[in-house]
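Worksheet: one structure, shown below.
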Ligand code: GDD
Ligand code: MG
């Protein structure tokens, strides 16, 4: 089986982290975001994966060599000379996706869930139409593609991308499976699958919806990255409780890499991920936060609702909160308070940041 992951774009909404790594390689729960998807695809028997990209950073190519070994899959880079939107890349990769009659998966690269691909494949085969997408309920459907089903059926009646008026709260989760025949609807030019393809497939009765079980998050921006981390840890707690850390100073769900060092008299959690080689001093408080590889939080500092990128540090009695994001190699001095700061890589922060802003 085959799959295509829509990786295009520069990940601007996840800056400053994406100044150091392409978005799919940013660590989510201590693994590059895209690994969660590739692992789940490999598990269901996918052997060939097309990464649809606008540009091809060397770090990405290097990382994918390891992935090919690890998961025994073939990774193809399909590079667009101009951004082809969310449908054009499928036509560009037609040679791979349509090389046999078997259906193929398509994923938005910034979604995280339990990836029930086996169930999706079975559901898709049962109704026999051109495509199936997974749906999930959300509170604010205006940021997404909304689907309306035919009464008493799993067939989609209407697909409305980013609706201005309320049409429903079941949204497109960005996870699809298609028969190769669907490719006849697309040309390799800039095209939106949500606006130029799905409404027509729905009209023809060829697009079906399957409710996604479990949690779902689009983790393409810091606030959602943190809430998605909390949902992911909650799911791990149910399915793989040993992956979470248990200790006296731990509160709620915490994932700590085995090499992470935690000092005395701390309170870590809930909803915290400590990356490899992280060093947490004594008396530290951390909640709803992600600390990436090689970073340290010194004695008596507090980190809440924030992301600390790679090889960074927070000084003694420092305080980060309100969706503060430190890029790679950022150093916050002792006793400094950062409220909603977005700090670009390789900076030192020596004075308080009292209001949310970008620090360059
Ligand atoms: N290769 C390639 N080329 N990929 C692209 C391009 C492009 O020109 N443009 C966007 N993508 C990729 C993005 O990297 C992302 O993985 C995916 O296509 C969707 O683009 P987003 O920019 O993240 O769209 P969105 O979040 O506003 O909306 C989409 O996702 C929602 C679920 O999170 C839509 O599919 C909605 O219908 C859906 O509800
Ligand atoms: Mg998105």
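For the reader, a short list of remarks on this structure follows.
- Relative contact order of the stretch 222-359, taken over Cα pairs closer than 8 Å and 6 or more residues apart, is 14 percent.
- Taking the C-alpha atoms only, the angle from helix 58-71 to the longest principal axis of the chain is near 70 degrees.
- Normalised by the number of residues in the stretch 1-93, the mean separation of alpha-carbon contacts (under 8 Å, six or more apart) gives a relative contact order of 32 percent.
- The stretch 25-66 shape via C-alpha gyration tensor axes, a/c threshold 1.5: oblate
- GNM remark for the chain: springs join alpha carbons under 10 Å apart, and the peak mean-square fluctuation among 194, 130, 69 falls on 69.
- Normalised by the number of residues in the chain, the average gap of Cα pairs under 8 Å and 6 or more apart makes the relative contact order 12 percent.
- Considering only the chain, percent of DSSP beta bridges that pair antiparallel, nearest 5: 25 percent
- Counting other Cβ atoms within 10 Å as a rough exposure proxy, the listed residues 94, 185 run 94, 185 from fewest neighbours to most.
- Rg/Rg_ref, the stretch 36-106, where Rg_ref = 2.2 N^0.38 Å and atoms are Cα: 1.11
- Prolate/oblate/rounded call for the stretch 221-360, Cα gyration tensor, a/c under 1.5 rounded: prolate
- For the chain, adding -39500 (n - 2.57) for each run of n ≥ 4 DSSP H residues and dividing by the number of residues yields -5500 deg cm²/dmol at 222 nm.
- For the chain, modelled as a GNM whose springs connect Cα atoms under 10 angstrom apart, the maximal fluctuation among 209, 333, 63 occurs at 63.
- For the chain: rounded, prolate or oblate by the Cα gyration tensor [a/c cutoff 1.5]: prolate
- Cβ-to-Cβ counts within 10 Å put 35, 1, 182 in ascending order as 1, 35, 182, the fewest first.
- Residues considered: 155, 243, 42. Largest GNM mean-square fluctuation over the chain, using C-alpha springs under 10 Å, is found at 243.
- Measuring between their Cα centroids, the stretch 77-114 and the stretch 216-239 lie 25 Å from each other.
- The stretch 1-71-the stretch 305-330 distance, computed between alpha-carbon centres (Å): 25 Å
- Taking 0.36 nm per residue of sequence separation and removing the Cα-Cα distance, the residue 151/residue 44 pair yields an extension gain of 35.4 nm.
Here, each number is a calculation from the coordinates, and none is a lab measurement. Predicted model, so just to flag it, every value in this text is computed and none were measured. All Cβ positions, even for glycine, are placed from backbone atoms using ideal geometry, and neighbour counts span all protein chains on display.
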